[in-house]
1. Of the accessible area of the stretch 345-392, with the probe set at 1.4 angstrom, what percent is carbon plus sulfur?
2. Whenever you get a sec, compute what percent of the accessible area on the stretch 395-543 sits on carbon and sulfur atoms (1.4 Å probe).
3. Of the options 290, 300, 403, report the single residue whose Cα projects farthest towards the positive end of the charge dipole of the stretch 276-411 (beta-carbon charges: Lys, Arg +1; Asp, Glu -1).
4. Give the residue from 80, 375, 507 lying farthest towards the positive end of the charge dipole for the chain; charges sit on Cβ (+1 for Lys and Arg, -1 for Asp and Glu) and the dipole is referred to the Cα centre.
5. Could you tell me the calculated FRET efficiency between residue 406 and residue 441, based on Cβ-Cβ distance and R0 = 45 angstrom, to the nearest 0.05?
6. Calculate, in whole percent, how much of the Cα-Cα pair population of the stretch 338-440 lies beyond 20 Å.
7. Based on the alpha-carbon gyration tensor of the chain and its eigenvalue square roots a ≥ b ≥ c, which shape applies: rounded if a/c is under 1.5, prolate if not and a/b is larger than b/c, or oblate?
8. Accessible area per residue, 1.4 Å probe, Å², for the stretch 434-504: what's the number?
Amino acid sequence: MRRQEAHGERRPEMATDEPGPEASAGAPGQDAGVVPGADAGVVAAGAPTTAVVDVLVVGAGITGIYALYRAREAGFSALLVEAGAGVGGTWFWNRYPGARFDSESYTYGYLFSEELFDEWEWQEHFAGQPEIERYLNHVVDRFDLRRDIRLGARVRAALYDDRAGTWRVTVDDGSAVTAWFLIAATGVLSVPHFPDVPGREGFQGEQHHTGLWPSEPVHFAGRRVAVVGTGSSGVQLVPVVAAEAASLTVYQRTANWCTPLNNAPITPSEQARLRSEFDAIRHTLNTSASGFLHVPHDRATFDDAAEERLAFYEKMWNSPGFSKLTSHYTDLLFDPAANDEWCAFIAAKVRSIVEDPATAERLIPNDHRYGEHRPPFVAGYYEAYNRPNVSLVDLKQTPIVGVTERGIETADGLRQFDIIVWATGFDFGTGALLRMGVRGRRGVALEERWADGPRTFLGVQTAGFPNFFFPGGPHAAAGNNPRYNGDQVDFIIDLLTFARRNGYATIEVDPAAEAEWTAMVDRGATRSPSFSEASYYFGTNIPGKPRRYLLNSAGRRKLFKEIAKVVQDNYKVFGLSPAPADALTPSRQA
Ligand code: NAP
């Protein structure tokens, strides 16, 4: 019903980039106390433009694009600012060779328009980065969103004005935006982490991070390449570099349980089936716990005899992507004996693929079970180690001492390189939000409020920061990202619509509800099945970061349940109040 409501609402004129009569004449984001461009403390001297909008979205990733679409469709004036030179977010920045989905393409893309679903023919079950970037550009153009997207615009500060009840956001191009509502769709994996290795900046060759990959091609042919890190990014990159470079040295600190992605082109008959089953597909993706189409298994490991188990593991090994988790034996993540047996199966596969027994042993994890870290999915990763130009350095045996002008020095000596690739991960969950200069009521810094880790309600809001939302940020569920990030965007836009219809302009979550949700997240994080504390999901990869769980440990179903309760209760858990007395009231009531 949400869609019909939105269509029935009046579509306001869009906020303009230029200050002018329209922007200062009582639009919803308008505030009598803020003269656009007048606050020298916020707006850089000579600021080129000042916009006034109802909704400012930060980040043109899959979540931000959807937030912009929904905000506009619901009749809010909206603007999206994005630091990158193009749209795509993760899929813009992570353009390293080999980057691709490991969720099925048609389950990751948008579901809000059947026409879009019909007209975009994904070429592969797991699309590569170039196709994904093309798709997101297509969406932006198809729905005429580009006119409200400002690229190359990184947010430097976002200040809540207590008196006016608006957010004043400064962008690094010197412009400023006054917004009634601020939606930070800044992603959980958007701040690349470079390890603090002595000498890193003095390296005289090329160096790149997978999460900050340049638009110009990086030429590996004939060059000596190092890849540091063997998470999902590193293991996607390795086979591609191995096939081109003169030599490739992979620096591994922790081995991962990698299994085949099992990608394939989507055949014409599969394309036709996808289209004919759109409603059922959308229903499953919008309601399942993991946001995938995979069918859960109905048996536990030891319900089957040894031979049947072996056949099942073989089937899993040959199954696509995450089905190895979502369609596996029901006790995979609960029964250590079950998990151990699956791990032993993978280990045997690694030994059968990798010809050098010592290398094979180093590639087999010995410090965590399957699913305790986010499992990577691979194509030709283990096989790459059979090439004569590829070698593996085990950093647990020979740690990095430093980077010199010419290469990487480990405890066993210096290896020289032309290119170093840092596939060393991200400041997960809170990294981007804490770097945006967010200041809530009375100027409280978000970094201060979250000094011990994030505190949220439903992973969408934190107390003391009215009208500030962060879908797809910390405390979001684990699974197929766009699905539950989309749930959060829908919830937020519905909440804004409810507030507008009832004459409210300020939305701030009750601190008690936030405390309860956060405590629930923390409690669940130590229960099975959950990721190990030695994973980035707890912030352990970033020195000095508080060790707090950064996902929603109760999953998507809990989010659904809680959202239903909140809506049923007319959003009472949020303090809803009219615009402050000296600010103009939003004029566009639904
Ligand atoms: P990651 O999983 O955090 O892996 C980082 C790697 O760098 C790990 O092997 C880590 O070793 C290593 N590392 C970190 N600091 C190091 C240091 N100081 N010295 C040596 N090694 C160090 O990061 P990622 O591979 O970029 O993946 C992050 C997430 O992005 C994935 O889990 C996934 O959610 C997402 N992703 C998705 C896709 C996809 O959908 N297709 C592709 C790529 C990434 P330790 O394990 O020992 O810390």
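The values are calculated or read from the model by the stated rules, or taken from the named source; none is laboratory data. These numbers come from a predicted model, not from an experiment. Counting neighbours? That spans all protein chains shown, and the Cβs are built from the backbone with ideal geometry, glycine included. Only protein heavy atoms, including side chains, enter the accessible area calculation; ligands, DNA and RNA are left aside. Shrake-Rupley method; radii C 1.70, N 1.55, O 1.52, S 1.80 Å.
1. Working: 990 of 2090 Å².
Using a 1.4 Å probe with all protein chains present, the stretch 345-392 comes out at 47 percent carbon and sulfur.
2. Carbon and sulfur atoms account for 48 percent of the accessible area of the stretch 395-543.
3. 403
4. 507
5. With R0 = 45 Å, the Cβ-Cβ based efficiency is 0.30.
6. Details: 3073 of 5253 pairs.
Counting pairs separated by more than 20 Å, the tail of P(r) holds 58 percent.
7. Values: a/c = 1.85, a/b = 1.50, b/c = 1.23.
Note, shape of the chain comes out prolate.
8. On the way: 1870 Å² over 71 residues.
Spelled out: the 1.4 Å probe surface of the stretch 434-504, per residue, equals 26 Å².
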